[in-house]
Amino acid sequence: MTDALVIGAGPAGLMAAEVLAKSGLSVTIADAMPSVGRKFLMAGKSGLNLTKMESMDQFLAAYGDVPPMMRHALMDFGPDAVAAWAQGLGQPLFTGSTGRLFPVAMKASPLLRAWVKRLNEMGVTLNTRWRWTGWQDDAAVFQTPKGEQNLSPKVIILALGGASWARLGSDGAWVQYLPADAVTPFAPANMGMLINWSDHMERHFGTPVKACMLSAGDQHTRGEFVISAQGIEGGGVYMLSKPLRLGAQLYLDLLPDWSLERVRAALAKPRGKFSLSNHLRKVLKFDPLRIALLMEFGRPMPDDIGPLIKALPIAHNGPRPIDEAISTAGGVGFDALTDGFMLRGRPGVFCAGEMLDWEAPTGGYLITGCLATGAKAAHAAIEYASHSSNL
C-alpha cells in the first residue's frame, strides 16, 4: 500500500511527489491524461519561462493580496529555489534582460523528461489514464483502463489544475468531489479580451503593439500585446486580467514617455494640407497601427485629441472564453485550508497548484507558484503522516 497519493501530474503534483519521496514515503501519482505535464509542455512551447529573478519584495508583489500561507510558500520556494531545482535536473539556465529565467534549451520537454526519470529512480509509481471520480469513505476512487481502483494512503495531495485548457487535462471537473463551500467559481485569468473590429483593422491582425501603457483600475503595465482577429491578447493584457474581469475600463496610452502638454504642443504645429493621419505621423512619429487604434476607438474625434492619445478607451466585449485562458482564478479557497494547505473538511487531504484560488501574471510567476505550493503541501503532508504513524 502506498503511503502518499498525488492526484495530478502537472508541476505542483510532480513537485509534491518529489518532496514526499525524498522523505522516505512510498509515493503514487495518478493522472487522468495519457502522459504527464501536458499543460506544462504547452506553456513551454514558445520558451519555458520558469520564474522571474528579482528581489523577493518585487516577486511577491506580482501575486497581489494573497494570504500569508501562500506568501510563506513563495518565500520558501522562490526564484532561487526554482533555479537550483532546474539546474539539479541538468538544465543549464539563462536570465533574460527583463529578469525572466529560461532553460538554455528553451523547451519544457528536456526538463520534464529528466524530472520523470528522477522520480522513477526515487521509486515513485506513476499511473496515467487514472481519472479520479471522488471518494468511497476515506478512499480515493479512480476509473482506470483496468476498471475501478480504490486507494487509501496515509496522505493525499490534490494537484488537479484549474479550469482552462480542458484538452490538456485542466477541466475543473474535480469541484464536484469537494464541499461546495470550499470552492469559489472559476473565472478566466491571463486571458485575451474580445473586440469586434471594424474592417479597416483586418490588415493589422497578428501585429504586436509595443511601447504603450495599458491601464485598468489602479493597475498599469507597459507590456506588449497583439492585435488578433478576435480582439487583443498578450502579456500586457494578461497583467490586467483581474481588474478587466471585474469590469474596469481599459485605457491605452499611445505615447507613455510624453506628457500631455508635450503631445498638445506637437499637435499644435501647423498641419497645412496634411490629413490628421499624416499630421500624427509627422509630429508624433505614429506608426500605422497607432493611427489605426486611435481612429478605431477615438471617433468622433474631438478638437483636442491629446487626452485621447494619453488615455484611449478600448471598447471590448469582455474576456475570451475560460477554456482559452492561460489560467484561472477561483478554485479551492484558502479559508477551506489549514496553513499547511490541508482541507479542513478532509484531514490528510492537501491541495496545491492552480486549483487553489490565487492568480498571478505570466512571466514565470504561475509555474513558480505551482512548484511552491506543491512543495509546501508535501512538507505539511509529511508531518501529518509522521504524526498519524505515531498515534
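Since every read-out is calculated from the coordinates, none of them should be taken as a lab result. If you're wondering where the values come from, they're calculated on a predicted model, not measured in any experiment. Cβ atoms come from the backbone with ideal geometry, glycine included; neighbour counts cover every protein chain shown.
Summary table below
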read-out	value
Rg to Rh, two decimals, where region 193-314 supplies the alpha carbon set and Rh follows Kirkwood	0.96
P(r) histogram, all alpha-carbon pairs of region 304-368 included - 5 Å bins from 0, percent	3, 13, 15, 15, 12, 12, 9, 6, 5, 4, 2, 1, 0
Across Lys282/Lys310; Lys45/Lys210; Lys210/Lys273, pairs whose alpha-carbon gap is larger than 26 Å	Lys210/Lys273
Inter-probe distance in nm under a simple model that places probes 7 Å from Cα toward Cβ, at Asn317 and Glu202	1.7
Gain upon complete extension [Leu246, His387; 0.36 nm per residue less C-alpha separation]	46.4 nm
Lysines whose Cα lies under 22 Å from that of Lys146, excluding same-chain neighbours fewer than 8 positions away	none
Stokes-Einstein D for the chain, Kirkwood Rh over Cα pairs, 20 °C, 1.002 mPa s (µm²/s)	94
Karplus-derived 3J(HN,Hα), 6.51/-1.76/1.60, for each residue of region 213-222, Hz, glycine and proline x	10, 9, 9, 8, x, 9, 9, 9, 8, 10
Cα centroid separation - region 185-211 against region 142-165, whole Å	37
Taking the chain and dividing mean pair separation by its residue count, relative contact order in percent (alpha carbons under 8 Å, at least six apart)	24
Folded to 0 to 90 degrees: helix 11-22 orientation relative to the chain principal axis, Cα	30
Cα centroid of region 325-343 to Cα centroid of region 347-383, whole Å	9
For region 254-391, the Rg and Dmax computed from alpha carbons only, in angstrom	26.5, 89
Region 193-314, dipole about Cα centre (Lys/Arg Cβ +1, Asp/Glu Cβ -1), debye to the nearest 20	440
Label point distance in nm, Asp335-Ser55, each placed 7 Å from Cα along Cα→Cβ	3.4
For region 46-176, convex hull volume per residue from C-alpha positions, Å³	170
Value at 222 nm in deg cm²/dmol, rounded to 500, when DSSP H runs of n ≥ 4 in the chain each add -39,500 (n - 2.57)	-9000 deg cm²/dmol
